[in-house]
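One structure below.
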Amino acid sequence: MTHASNREYEQLRISGLHAFYGESHILHGIDLVVHRGELVTLLGRNGAGRSTTLKAIMNMVGRRTGSIMVNGEETMACAPHHIARLGVGYCPEHRGIFSSLNVQENLTLPPVVRSGGMSLEEIYTMFPNLYERRFSQGTKLSGGEQQMLAMARILRTGANMLLLDEITEGLAPVIVEKLGDVLVALKNKGLTIVLVEQNFHFAAPLADRHYVVEHGQIVEEIRADELSAKQSVLDSYLGV
């Protein structure tokens, strides 16, 4: 494949990204590429800058410099709602479920920002638990159900690149396994996924590539077929 055609398949290209919260300098020149249909993880210890990278993509940090191209379009001057219209869906660590609304109201509240989103019927097929709880208030849901709702909500909007932040944190193993099945199904539908994940054993079999983040920089890129050979290197970065 030529260099030019490689660029055509890029859904996300980050170059020299620096991000700040007030006076705190969090990201120190992040460089990464994600191609259409890939599932890529950002691995690293807490405080490494992984979640900040996702927020910076959405322009939800105090200040940022560098370049973030989405579908070949520079987004550094774009408001978050415009970035969403490019097909980027962000699922934050805190989930952001509206407690006063039931499941179906939470699902239908965000606007559809582009064509190609999943219908309620498709969502309920993928998340049968949500169908069973569709008239339950957000506060009555388990942690796993809240996580499924947070993911389902952005699928309805038409997003085709998902930024997922620590979706397995604090969840029971059976729910983690279900979320893994969902990610495989979404990848098979052609969606692009950038996954910030602490649970490496969950992420390892799902991802095409892993970026290791340390002190606000990418320090290692590992393809799925390199994992066994580079496991000791990865363990040293993750403190295993």
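The values are calculated or read from the model by the stated rules, or taken from the named source; none is laboratory data. These figures come from a predicted structure and were not determined experimentally. Positions of Cβ are backbone-derived with ideal geometry, glycine not excepted, and every protein chain shown enters the neighbour counts. Note: accessible area is taken over every heavy atom of the protein model, side chains too, but ligands, DNA and RNA are not part of it. Shrake-Rupley method; radii C 1.70, N 1.55, O 1.52, S 1.80 Å.
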| Accessible area per residue in Å² at 1.4 Å probe, computed on the stretch 150-223 | 37 Å²
| Long-range amide H contacts for L39: which residues qualify at under 5 Å (H placed 1.01 Å from N, peptide plane, sequence gap of 5 or more or a different chain)? | I193, D208, R209
| task | On a 0 to 90° scale, report how tilted helix 173-188 is relative to the longest principal axis of the chain, with both axes built from alpha carbons and the result rounded to the nearest 10. | result | 70 degrees
| field | Protection proxy ranking, peptides 51-62, 15-26, average beta carbon neighbours within 10 Å, highest first | value | 51-62, 15-26
| task | Counting only heavy atoms of the protein chains, get the accessible area per residue of the stretch 52-128 (1.4 Å probe) and round it to a whole Å² value. | result | 47 Å²
| query | Where Rh denotes the Kirkwood radius from the mean inverse Cα pair distance, what is Rg over Rh for the stretch 156-240? | reply | 0.97
| HN-Hα J couplings of the stretch 204-220 from phi, Karplus 6.51/-1.76/1.60, θ = phi - 60°, integer Hz, Gly and Pro as x? | 4, x, 8, 8, 7, 8, 10, 9, 9, 10, 9, 6, x, 9, 7, 10, 7
| field | For the stretch 135-205 and the stretch 35-79, distance of Cα centres in Å | value | 19 Å
| task | Write down, largest first, the equivalent ellipsoid semi-axes of the stretch 138-206 in whole Å, where each equals the square root of 5 times an eigenvalue of the alpha-carbon gyration tensor. | result | 18, 16, 10
| request: Quick one: compute a quarter of the convex hull surface over the Cα atoms of the chain and quote it in nm². | output: 13.2 nm²
| note | Filtered hits (lysines, Cα-Cα < 26 Å from K140, offset >= 8 within chain) -> K178
| task | Convert each backbone phi in the stretch 21-37 into a coupling constant with the Karplus relation 6.51 cos²θ - 1.76 cosθ + 1.60 (shift: θ = phi - 60°), then list the ³J(HN,Hα) values in order as whole Hz, x for Gly and Pro. | result | 10, x, 8, 7, 9, 9, 9, 10, x, 6, 10, 7, 9, 10, 8, 4, x
| field | Globularity index of the stretch 57-187, i.e. its alpha-carbon radius of gyration over 2.2 N^0.38 Å | value | 1.08
| request: Could you tell me how many degrees, from 0 to 90 and to the nearest 10, lie between the Cα long axis of helix 227-238 and the main elongation axis, the longest principal axis, of the Cα atoms of the chain? | output: 90 degrees
| request: Please determine, in degrees from 0 to 90 and to the nearest 10, the orientation of helix 143-156 with respect to the longest principal axis defined by the Cα atoms of the chain, where the helix direction is its Cα long axis. | output: 80 degrees
| note | Square roots of five times the C-alpha gyration tensor eigenvalues of the stretch 1-133, ordered largest first and given in whole Å, equal 29, 20, 14
| query | Quick one: with all protein chains in place, what share of the accessible area of the stretch 1-91 is carbon or sulfur, to the nearest percent (1.4 Å probe)? | reply | 52 percent
| Percentage, to the nearest whole number, of Cα pairs in the stretch 96-157 over 18 Å apart | 24 percent
| field | Share of carbon and sulfur in the accessible heavy-atom surface of the stretch 161-227 [1.4 Å probe, %] | value | 50 percent
